[in-house]
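To start, the structure under review is shown below, and the notes come after it.
The values are calculated or read from the model by the stated rules, or taken from the named source; none is laboratory data. Treat the numbers as computed from the prediction; the structure is a model and nothing was measured. Here Cβ is always computed from backbone atoms with ideal geometry, including for glycine, and neighbour counts include all displayed protein chains.
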Amino acid sequence: MKSMLKIPLLCALLFPEFTSAMYGQTAADSAAIRGTALDYIDGWYTNNPDRMERALHPHLAKRLVWSDSTRKSHLVDLTALELIQGTRAHPPVPPAQRRHDVTILSTFGNVAMVRIEASEWVDFLQEIKWNGSWKIINVVWENRPEAQTVRR
């Protein structure tokens, strides 16, 4: 029995590409995770609700914590539907003002953590592999202070 337990460990040491494939950390997954993040941010910038919807899981929760003048914290919640409708309603962002730097922070199995440096905010995305596609299930974001807003 003990020797059977050693087989997965031996495979992981000798064939790391096999182990990463088992846990969803392939080059194809990385490209799909990045593509999902770009569908989300570029869908917003280009006023493309179909692209935004393609990136989101229907149970998405997007949240922002902000403090009022008394320093009391408040929570802003958005659903997938609200984000898709907001994407449709706002004007496109001029290309010179778009920033969409995507960094995959961590992956494991069917889960990925992604950071997007956008023009006026920073998003932290949690993506999941859902029915073979990567979808955003949660987002927490923070607006940039006015002086730090990047205009390209």
task = Can you give me the number of residues within the stretch 92-118 that are in contact (Cβ under 8 Å) with a residue 60 or more places away in the chain and more than 11 Å from the chain's Cα centre (by Cα)?
result = 6
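Whether any residue in the stretch 127-137 is in contact (Cβ under 8 Å) with a residue 24 or more places away in the chain, outside any strand (DSSP E or B) and among the polar types (S, T, N, Q) is what I want to check.
If we filter the stretch 127-137 for residues that are in contact (Cβ under 8 Å) with a residue 24 or more places away in the chain, which is where we start, we get 127-130, 133-137.
Cutting the leftovers down to outside any strand (DSSP E or B) gives us none.
No, every residue in the stretch 127-137 fails to be in contact (Cβ under 8 Å) with a residue 24 or more places away in the chain, outside any strand (DSSP E or B) and among the polar types (S, T, N, Q).
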query = Is at least one residue of the stretch 80-91 assigned to a helix (DSSP H, G or I), of a type in the set (Ser, Thr, Tyr) and within 21 Å of Arg34 (Cα to Cα)?
reply = yes
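Filter the stretch 38-54 down to the residues that are out of contact with any Gly (no Cβ under 6 Å at 6 or more places or on another chain), part of a helix (DSSP H, G or I) and in contact (Cβ under 8 Å) with a residue 24 or more places away in the chain and list them by number. It would help to see each step written out before you state the result.
Taking the stretch 38-54 as the starting set, the residues that turn out to be out of contact with any Gly (no Cβ under 6 Å at 6 or more places or on another chain) are 38-50, 53-54.
Next cut, part of a helix (DSSP H, G or I) only: 38-45, 49-50, 53-54.
Listed by number, the residues that qualify are Leu38, Tyr40, Ile41, Asp42, Gly43, Trp44, Tyr45, Pro49, Glu53.
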note = Expected single match for at pLDDT 95 or above and within 30 Å of Gln25 (Cα to Cα) among His57, His100 is His57
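Residues checked against (1) within 21 Å of His57 (Cα to Cα); (2) surrounded by 14 or more Cβ atoms within 10 Å (Cβ to Cβ):
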site: Glu82; (1), (2): yes, no
site: Val93; (1), (2): no, yes
site: His100; (1), (2): yes, yes
site: Thr103; (1), (2): yes, no
site: Phe108; (1), (2): yes, no
site: Met113; (1), (2): yes, yes
site: Ile116; (1), (2): yes, yes
site: Val122; (1), (2): yes, yes
site: Gly132; (1), (2): yes, no
task = State the number of residues belonging to the stretch 48-73 that are over 19 Å from Lys135 (Cα atoms) and surrounded by 11 or more Cβ atoms within 10 Å (Cβ to Cβ).
result = 3
ask   = Which is touching a Leu at 6+ places or on another chain (Cβ under 7 Å), of a type in the set (Ser, Thr, Tyr), over 20 Å from Arg144 (Cβ atoms) and at pLDDT 95 or above, of Thr79, Thr46?
value = Thr79
task = Go through the stretch 60-74 and count every residue that is β-branched (Val, Ile, Thr) and either assigned to a loop (DSSP other than H, G, I, E, B) or modelled with pLDDT of 95 or more (or both).
result = 1
